[in-house]
Amino acid sequence: MKPALKAVGAAALVLVAGMAVALAFPAFWLELLLESRLSARLDRQVQIDGPVDLSVFDPPAISAEDVAVANPGWAQEPWLLQAQTLRVTFSADALWSFSLKPVAIGLDQPRLFLARNEDGGTTWEVAGLGGGRGQESGDGPDLNRLTVDDGRFRYRDPGQDTDLTGRLSTTADGTIYDASGTYKGRETEASGTGGDLLVLLRGRAPWPLEAEVTAGAHDVSLQGTATGLPAPTGLDLTIAGAGPSLEGLGELVGGGLPSSPAYDLAGRLTLSDGRWQFSDASGTIGQSAVAGMVAVEPAAEGERTRLTVDLSSGHMEVADIAAVLGEPGPSEGPAQIPSEALRAYSADVRLAADELVVAGRALPDARIEATLEGGRLTVDPLTAGVGDGRMQGRAELAAGSPPTASVSLELNRLELNPLAGVEAVRGIFGGTVDLESSGATVEAMRDNLSGRVALLLSDGRLTRQWLEMAQIGLSDLVGIFIPQEDDATAIRCAAAGFDVSNGVAEATALYADTEAAVVRGDGAVDLRDLTLDLAFTMNPKGAVTFAYDGPVHVTGPVGDPTIEAGGVASTVLQGLGAVALGTVLTPVAAVAPFINTSVGAEGGCRQALDETVAEQEDGTADDQGGGDDEDG
C-alpha cells in the first residue's frame, strides 16, 4: 500500500517537469516531445497514446490521455503506471514572469503494477524521480494539491509470498484505500484512510492514517501519524490487535517478536530518534493480564542496545511468560551461559503481579526488578508472597571467563498449604538459601555449586495421600514419617540444613519431630547427578508401627529412590546413634538462629528448641547436684 502511494505521486511529479516544457511548443509537437523528454529523464519508456491538450488561460494547464510508464524488464507486468488522464495545472501569476510553476496534479484511473524481486530491486525505483524525503521546499515544483480518481494497484513480492491488489482515491479530506490478497503467506484484507498525498510524498511531516487489517487469524487496527513512509523515521500510532501468537504479528509488522500464547493487546506505538516504544499497553497474553510499556533504543556507535520494560499484572501465569521467553532449542552439546548476549545489551526491567501463578499455585504480590549493565545481570529485589508469608532475595549472573552466578533467598513464614494445593497439608516454613557458582554451561554451574541451605517447617501436617501423589519421588518415604496404621501425621518441627561444595550437599541437620516419632537423618545429596545417599533413624512415641524397623538407607535418583532397612554405613550409624542418645543437639540447634524470623517465635520449632535446652539444663543440674551429695 505505501509503495503504491509513493510511486503514484513520484511518477506524477516527474511527468510535470517534462510537460511544463511543452507549454513553449505548438500542440502537434507536444505528444512526441513529451514522450522523448520523459523517456530520457526516467530512463524508462514513456508512451502517450491519447491526445495532448494545452490550455493557457483559466487556469493554465496541460493534459494528456492514455499515458504509460514502463516497468523494468524483469517484471511480469510491462507497465509501472497507466493513467487514463494526467492533468497538470500551473500558477497563472507565475506565467506573467515567464515562469512555469505546477501547483496541482490530477490522475484519472491510474493503474500501478508494483513488484519486488529476489535481489531486493523494486519496479518503482525510477531514475530521475528524485525523492520527496529530505527535499527542501525550493527544490522542486510548488505543488499544493495531488488528486487521484479511481486508482488501482497490484503489489507482488514472491520472496515474501505476497500478492495484493487494491484501490486508491483522494477526497476533500485526504485519501481512502483498500487492499486484499496474500501478505506474507496469510490471506489479508485491509482498508483505511490517510492524509494529503503530498505530505506523504515529501516525507518531512507526520502523515495521518487509520487502517483495519485482517491477516490470517490476526486482526489489527491502528490510528495516528507516520513520517517518512514507507521506511518510517517517526511514528505515533494507537494500535489494537488480537491473534494466536505474537510471533505472527511480528512477521506482519516486520519486527522480531517471540512466540507466545494467544494475545489481545492495545497500546501506543512511537518511533522517535530511532527509539521504538510500546506504551500504555493493556490486554492479555494467554491467561495473563498485562499493562505497562516496552522500549527498545538501538545501539549508538560503541554502545549497547537498551531494553526498558515496566509491566504490571493483576494475574500473571509463569507458563505464559515461559512461552514468550521460549525454550532452548536442540543443542548438540551442553547448554551455554549466554555471555555474548549479556554483553550485547543493557536493560532495565520491572515486573509486578498481584497474583503470580506457578504450577497452578497462586503467589500474591510478586515483584521483580532487574538491571543489565556491562555484562552483569542483577535481579534485586525478587519477592513474592506465599499465604501470609514472604519470599525475598536477589540473584546475579555475570559474563566472564568463566561466567559466575549467585542467589540469596530468605523464606519468611511461608504457608505450605498454598504450595501443596491440598487442604489437609499445612504448616509454616522458612529458611535461607545462599548459593554461588561458576561455569560456561548450565551443567558446569550445577557441578560447581557451593554455599548453604537451611529450611524449617513448624506446626505442620503431612498426609499419606499427598506424599503418594507428589510427583517428586516421595511416595517411598511414607513409611519413614507416617505409621502404617495412620493416614496422616502432625509435625511439630522439621529441620534440614546443608553445606554445599562442588555440587554436593552434605547434611548438617535432618530432623522431624512428629506426633508419632522423632526422625533423625544424615548423609548427602549429589546435585551433579541428582542422587541421594541419606540415612534415617526413627524413635517412636508410644505403640506405633512403621514400615521400617531400625535405620533406613535411602539411595539412588531423587525421583525414584531405593529404600533399604539396615545396610547403613557404620560412620553414619554412629552419628545417628549419638543424636538418638541426646549427646548431640545439632538438628534444631543448627537452625536456631532462623526460628524467629522464618517460622515465628511461637511455633513448634521454638517450643522444641526450648524443651531440648531445658532438658539439657536439667541434666546439667542433676549432674551438679549429684556431685554435691557425693562430697557431703
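Overview of values
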quantity	calculated
Matching residues, the stretch 114-145, being modelled with pLDDT of 80 or more and open to solvent by less than 50 Å² (accessible area, probe 1.4 Å)	Leu114, Ala115, Asn117, Gly121, Thr122, Thr123
Conditions (1) on the phi < 0 side of the Ramachandran plot; (2) open to solvent by 40 Å² or more (accessible area, probe 1.4 Å); (3) not in a loop (DSSP other than H, G, I, E, B): number failed by Leu249	(2)
Which numbered condition Asp459 misses (of (1) open to solvent by 70 Å² or more (accessible area, probe 1.4 Å); (2) in a strand (DSSP E or B); (3) modelled with pLDDT of 90 or more)	(3)
Test result for Gly228, small (Gly, Ala, Ser) and in contact (Cβ under 8 Å) with a residue 40 or more places away in the chain	yes
Considering residues of the stretch 215-230 that are within 25 Å of the chain's Cα centre (by Cα) and among the hydrophobic types (A, V, I, L, M, F, W, C) only, the residue most open to solvent (accessible area, probe 1.4 Å)	Ala217
Odd one out for Val357, checked against (1) under 30 Å from Leu416 (Cβ atoms); (2) in contact with a helix residue (DSSP H, G or I) (Cβ under 7 Å, 6 or more places away or on another chain); (3) open to solvent by 50 Å² or more (accessible area, probe 1.4 Å)	(3)
Count - residues of the stretch 66-94 that are open to solvent by 50 Å² or more (accessible area, probe 1.4 Å) and either in contact with a helix residue (DSSP H, G or I) (Cβ under 9 Å, 6 or more places away or on another chain) or closer than 16 Å to Thr147 by Cβ (or both)	2
First in the stretch 77-90 and over 21 Å from Glu125 (Cβ atoms), second anywhere and open to solvent by 10 Å² or more (accessible area, probe 1.4 Å) and in a loop (DSSP other than H, G, I, E, B), Cβ under 8 Å, 6 or more apart	Gln84/Gln109; Thr85/Gln109; Thr89/Pro59; Phe90/Pro59; Phe90/Leu100; Phe90/Lys101
Residue match in the stretch 424-440 (condition: modelled with pLDDT of 95 or more, polar (S, T, N, Q) and either open to solvent by less than 70 Å² (accessible area, probe 1.4 Å) or under 24 Å from the mean Cα position of the chain (by Cα) (or both))	yes
Residues being under 14 Å from Gly166 (Cβ atoms), open to solvent by less than 50 Å² (accessible area, probe 1.4 Å) and without any contact (Cβ under 8 Å) to a residue 60 or more places away in the chain - total across the stretch 193-214	2
Selection count, the stretch 273-293, where residues are open to solvent by 50 Å² or more (accessible area, probe 1.4 Å), at pLDDT 85 or above and part of a strand (DSSP E or B)	5
Arg306 over 30 Å from Gly385 (Cα atoms), assigned to a strand (DSSP E or B) and at pLDDT 85 or above	yes
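The values are calculated or read from the model by the stated rules, or taken from the named source; none is laboratory data. Computed from a predicted structure; not experimentally measured. All Cβ positions, glycine included, derive from the backbone under ideal geometry; neighbour counts span all protein chains shown. Areas reflect the complete protein model, heavy atoms only, side chains present, ligands, DNA and RNA absent. Shrake-Rupley method; radii C 1.70, N 1.55, O 1.52, S 1.80 Å.
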